[in-house]
1. Inspect all residues belonging to the range 36-50 and state whether any of them is surrounded by 16 or more Cβ atoms within 10 Å (Cβ to Cβ), under 28 Å from PRO130 (Cβ atoms) and touching a His at 6+ places or on another chain (Cβ under 7 Å).
2. Check whether at least one residue in the range 16-32 is more than 17 Å from the chain's Cα centre (by Cα) and hydrophobic (A, V, I, L, M, F, W, C), and report yes or no.
3. Out of all the residues in the range 115-125, is one or more over 20 Å from LEU6 (Cβ atoms), buried (at least 20 other Cβ atoms within 10 Å of the Cβ) and of a type outside the set (Val, Ile, Thr)?
4. Out of (1) assigned to a helix (DSSP H, G or I); (2) touching a residue at least 12 places away in the same chain (Cβ under 8 Å); (3) over 19 Å from TRP126 (Cα atoms), the odd one out for LEU31 is which?
5. Being of a type in the set (A, V, I, L, M, F, W, C) and at pLDDT 85 or above is the filter here, so list the residues in the range 45-61 that pass it.
6. Say we look at the range 150-163 and pick out the residues that are at pLDDT below 90 and assigned to a helix (DSSP H, G or I); which of these is surrounded by the fewest Cβ atoms within 10 Å (Cβ to Cβ)?
7. Contact list please: Cβ distance under 6 Å, first residue in the range 72-89 and under 16 Å from THR21 (Cα atoms), second residue in a loop (DSSP other than H, G, I, E, B) and modelled with pLDDT of 95 or more, pairs at least six apart or on different chains.
8. With the requirement that a residue be among the β-branched types (Val, Ile, Thr) and under 17 Å from the mean Cα position of the chain (by Cα), what does the range 44-89 give you?
Amino acid sequence: MYAGHLGLGLALKAREPRAPTWALLLGVGLLDILFGPFVLLGIERVRMTPGVPPGFSLDFIDWSHSLAMSLVWAVLFGLCFAGRGRAVATMCGFAVFSHFLLDLPMHPGDLALWPGSSVHLGFGLWTRWPHGWWWFELLVIALCCGYYGARARRSERFGRRAVWACVVVLALHVLNSPWLNPAKGG
């Protein structure tokens, strides 16, 4: 749900225009940014599953994507923006936690409550709805970009390139479709 995360980052910008756009877009992707080095260091594990949607199995992602660690990373990231005021710091922190919230419907039960927890969450749209997940994410993007665009039209503080930002997010989503990327369920 990469494009969906970015779409939500734009919506968060519309909600709190004083928050730096770069921080919100970094925040919504932070868990995946942490995931990469964690896999390379052997802290987390992933396995490729060609022909089986979504094309990979996230065998252990508890340090980047568990509920508890999502909250820890959110608080740490939000604290980096404490000097900009409580509202900005809160929004930046929420950007990080929003990643967990958007992953919950997509992931197939691989989101732990905390590192090493036996309880895992996820509704599994990637696997249960091999093409439908794309439409669900498109709906999220449309709602977020619609909100961002509507707020940008009324604001002098942000969004001079709102249409282009939304076009880029939509293009990323189209490029990640199951029809263009067979490993994603096409």
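The values are calculated or read from the model by the stated rules, or taken from the named source; none is laboratory data. As the structure is a prediction and not an experimental result, all values here were calculated from the model. In this analysis, Cβ positions are derived from the backbone assuming ideal geometry, glycine residues included, and neighbour counts consider all displayed protein chains.
1. No, the range 36-50 contains no residue that is surrounded by 16 or more Cβ atoms within 10 Å (Cβ to Cβ), under 28 Å from PRO130 (Cβ atoms) and touching a His at 6+ places or on another chain (Cβ under 7 Å).
2. There is at least one residue in the range 16-32 that is more than 17 Å from the chain's Cα centre (by Cα) and hydrophobic (A, V, I, L, M, F, W, C).
3. No; the residues of the range 115-125 include none that is over 20 Å from LEU6 (Cβ atoms), buried (at least 20 other Cβ atoms within 10 Å of the Cβ) and of a type outside the set (Val, Ile, Thr).
4. (3)
5. Those that are of a type in the set (A, V, I, L, M, F, W, C) and at pLDDT 85 or above: VAL46, MET48, LEU58, PHE60, ILE61.
6. The qualifying residue surrounded by the fewest Cβ atoms within 10 Å (Cβ to Cβ) is ARG153.
7. Filtered contacts from the range 72-89: ALA87/GLU16; VAL88/ARG18; VAL88/ALA19; VAL88/PHE81; ALA89/PHE81.
8. Of all residues in the range 44-89, those among the β-branched types (Val, Ile, Thr) come to 46, 49, 52, 61, 72, 75, 88.
Within the range 44-89, ILE61, VAL72, VAL75 qualify.
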